[in-house]
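Asks: Dropping a structure here in structure tokens format, bear with me for questions.
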Amino acid sequence: MCLSVEEAEAIRLKDLDGLEQEECAQRMNVSRPTFHRVLGSARGKLADALLNGKAMRIEGGNFEMAMRHFHCINGHEWDVSFETMIAEPPHSCPTCNTLNILPIQPLGLGWGRRGWGRR
């Protein structure tokens, strides 16, 4: 069973993040009826997989990868595109060349009471 990236995002926004359909549609840059259709398709596939013991795979669809944000111990911050991260991850700060760099986690992710995941 295959879930598209759009269907997975619809489930995340509506069922995991608990947003209203209007806001979900805006975030996905689609109309509200289109969001409703994508969400319905995703929920149907998830129910089939869950209740009938089928494996679920997420693939395909139209999407773009987010930039990754970094900072160094000297206070500099910068973004790195997904394509650059794959080709050559950053090893030093582009401003001061220090090797002491860390990624900045996106809002909403981190350690909670039940381990790693959305807060």
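Asks: Given 0.36 nm per residue, what is the gain on full extension from residue 67 to residue 47 after removing their alpha carbon distance, in nm?
Replies: Net length gain for the segment: 3.9 nm.
Asks: What's the magnitude of the charge dipole for segment 2-59 around its Cα centre, counting Lys and Arg as +1 and Asp and Glu as -1 at the beta-carbon? Answer in Debye, nearest 20.
Replies: I would put it at about 200 debye.
Asks: Using alpha carbons only, how many angstrom separate the centre of segment 81-102 from the centre of segment 1-52?
Replies: Cα centroid to Cα centroid, the span is 34 Å.
Asks: In addition: Relative contact order (percent) for segment 68-108, with alpha-carbon contacts under 8 angstrom and 6 or more residues of separation?
Replies: RCO, segment 68-108: 47 percent.
Asks: Can you run phi through the Karplus equation (6.51, -1.76, 1.60; θ = phi - 60°) for segment 39-45 and list ³J(HN,Hα) in whole Hz, with x for Gly and Pro?
Replies: 5, x, 5, 5, 5, x, 5
Read-outs throughout are calculated quantities, based only on the coordinates presented, and are distinct from any laboratory measurement. All values derive from a computational prediction rather than experimental measurement. Reconstructed Cβ throughout: ideal geometry from the backbone, glycine too, with neighbour counts over all protein chains shown.
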